[in-house]
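Asks: Below is one structure. I have some questions about it.
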Amino acid sequence: MPELRVTAPAKINLHLEVLGLRPDGFHELAMVMQTLDLADTLVIAPTADGAISLSTDAPDLPTGAANLIVRSAEQLRQRVGLPELGAAIRLEKRIPIGAGLAGGSSDAAAALVGLNELWGCGLEAAELHAIAASLGSDVPYCLEGGTRLCFGRGEILEPLPGARPAEAPDLGVLLIKHPDASVSTPWAYGRCRQLRGDFYLEGEADFAQRRDALRHGPLPVALRGEGPLPRLRNDLQAVVEPEVASVREGLALLRRAEGALAVAMSGSGPSLFALFPGPGAAAAAQRQLEADLARAGFQAWCCRCTGSGASLLPDAPQP
């Protein structure tokens, strides 16, 4: 079989609410996540030697057993009971590393999609979802992508009420990140517990009430194009922004952008974004802020919202 190409899109959090602590020690979350057209690409070819090899154009990225792509491949062939299956995987990296954009999780989801096809495993979506959930909280979402409500640790997915499948909001996104900035996700959640733990909800009944409030709140209405966009909520931003200078500076720059509908941090950061009425408005804002962003050392991307997650790319046209 010839090589396959799989796209692995980045995500942003349009809503991230920390509800409380679960019995397993993880935080219970209520989120809305959205995929973007900023994406990595996996190029996968079969091998006859039973080895899983990974190469990448990102020099700082480990390519051994600790990489989620390799772990995805190992989990998949273990699930189908065929340890002799092999693959050579090349990762073309566009999503910045350690940015709160689920780049590693999306790459893992792309590996599951591509290898399920390449190896002829025939696993259904529910089976891939189970493997994905064992790899990381964001990996199941990255399989599906689009605009989704995400609950539990992030692995419980629901479509927006009343939204048509695979229909993405018609929003432009200006995404920025300082290349030297990093935020530890465990630190961010630990700090959130320290500062906000007194306000955590307790028990499934309270969690269920907050989930229902999100389902029927103003954000899903706005994302269906039926109302104005509310102020975005990210409980981790409330604890990260005061302590990370680049997050404070980047948010201040984005808040000056003409036509911005909302500004927020994605996940635990340090990536930041502003939403606009369309891609043209996002591009205009990037031009407006270009000099200031460059002076402060920020990287910037203009993106569109997309309606799908990790997926096979069509064959490249033959010359």
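Asks: Place a point 7 Å from Cα of ASP315 in the direction of its Cβ. Which residues in the stretch 104-123 have their backbone N less than 19 Å from it?
Replies: Inside the label zone: 114-120.
Asks: First compute the accessible area of the stretch 130-191 with a 1.4 Å probe, then give the percent of it belonging to carbon and sulfur atoms.
Replies: On the way: 1240 of 2410 Å².
The computed percentage sits at 51.
Asks: Between ILE97 and ASP206, 0.36 nm times their residue separation minus their Cα-Cα distance comes to what? List each step's numbers first, then the result.
Replies: Working: separation 109, 0.36 × 109 = 39.24 nm, distance 3.52 nm.
Using 0.36 nm per residue and subtracting the Cα-Cα distance, I get 35.7 nm.
Asks: Right, something else. Expressed in whole Å with the largest first, what are the equivalent ellipsoid semi-axes of the stretch 119-215 derived from the C-alpha gyration tensor as the square root of 5 times each eigenvalue?
Replies: Sorted largest first and rounded, they come to 26, 21, 18 Å.
Asks: Each residue of the stretch 281-288 in order: what ³J(HN,Hα) in whole Hz does its phi give by Karplus 6.51 cos²θ - 1.76 cosθ + 1.60, θ = phi - 60°, with x for Gly and Pro?
Replies: My calculation for the stretch 281-288 gives 5, 5, 5, 5, 5, 4, 5, 4 Hz in order.
Asks: Would you work out the relative contact order for the chain, in percent, from Cα pairs under 8 angstrom that are 6 or more residues apart?
Replies: Across the chain, relative contact order equals 26 percent.
Asks: How much of the DSSP bridge set in the stretch 1-151 is antiparallel, in percent, rounded to the nearest 5?
Replies: Beta bridges within the stretch 1-151, antiparallel portion: roughly 85 percent.
Asks: Cα gyration tensor of the stretch 190-237, axes a ≥ b ≥ c as square roots of the eigenvalues: rounded (a/c below 1.5), prolate (a/b > b/c) or oblate?
Replies: It comes out oblate by the Cα gyration axes.
Asks: Using Cα-Cα distances under 8 Å and only pairs 6 or more residues apart, what relative contact order does the stretch 25-171 have, in percent?
Replies: Relative contact order comes out at 31 percent.
Asks: Any chance you could get the radius of gyration and Dmax over the Cα atoms of the stretch 230-319, in Å?
Replies: 15.6, 53
Asks: If one takes the longest principal axis of the Cα atoms in the chain, at what angle in degrees, from 0 to 90 and to the nearest 10, does the Cα axis of helix 245-255 lie?
Replies: 70
Asks: Place the peptides 202-209, 7-14 in order of packing, highest mean first, counting for every residue the other Cβ atoms within 10 Å and averaging per peptide.
Replies: On the way: 202-209: 11.9, 7-14: 28.2.
The most tightly packed comes first, giving 7-14, 202-209.
Asks: Read phi for every residue in the stretch 206-213 and hand back ³J(HN,Hα) as whole Hz from Karplus 6.51 cos²θ - 1.76 cosθ + 1.60, θ = phi - 60°, with x for Gly and Pro.
Replies: My calculation for the stretch 206-213 gives 5, 4, 4, 5, 5, 4, 5, 4 Hz in order.
Asks: A further question on this structure: Stick to the Cα atoms of the chain, pair each with every other, and give me the Kirkwood hydrodynamic radius in Å at one decimal.
Replies: Over the chain, the inverse of the mean reciprocal pair distance is 20.2 Å.
Asks: Return one number: the angle in degrees, 0 to 90 and rounded to the nearest 10, between the long axis of the Cα atoms of helix 103-118 and the longest principal axis of the Cα atoms of the chain.
Replies: 30
Asks: Label point 7 Å out from ARG196 along Cα-to-Cβ: which residues of the stretch 125-161 have amide N under 19 Å?
Replies: Label zone hits: 137-138, 149-156.
Asks: So for each of 96-102, 137-143 I average, over its residues, the number of other beta carbons within 10 Å; can you give me the resulting order with the highest mean first?
Replies: On the way: 96-102: 22.9, 137-143: 26.3.
Top of the packing list down: 137-143, 96-102.
Asks: Okay, next question. I want the antiparallel fraction of DSSP beta bridges within the chain, as a percent rounded to 5.
Replies: Numbers: 51 of 58 bridges.
Here the antiparallel bridges make up roughly 90 percent for the chain.
Asks: Okay, next question. Which length gain, in nm to one decimal place, applies between SER134 and ARG164 when the Cα-Cα distance is subtracted from 0.36 nm times their residue separation?
Replies: Taking 0.36 nm per residue and subtracting the Cα distance, the gain is 7.9 nm.
Asks: Given the -39500 (n - 2.57) contribution per DSSP H run of 4+ residues, what per-residue ellipticity at 222 nm results for the chain, rounded to the nearest 500 deg cm²/dmol?
Replies: -10500 deg cm²/dmol
Asks: Express in whole angstrom the spacing between the alpha-carbon centres of the stretch 160-207 and the stretch 68-133.
Replies: 24
Asks: Which trypsin sites (Lys or Arg not before Pro) does the stretch 116-195 hold that lie in a coil by DSSP with at most 16 other beta carbons within 10 Å?
Replies: Passing both the DSSP loop test and the Cβ count: no residue.
The values are calculated or read from the model by the stated rules, or taken from the named source; none is laboratory data. Quick caveat: nothing in here was measured; it's all calculated off a predicted structure. All Cβ positions, glycine included, derive from the backbone under ideal geometry; neighbour counts span all protein chains shown. Remember, those area values only see protein heavy atoms, side chains included, never the ligands or the DNA or RNA. Shrake-Rupley method; radii C 1.70, N 1.55, O 1.52, S 1.80 Å.
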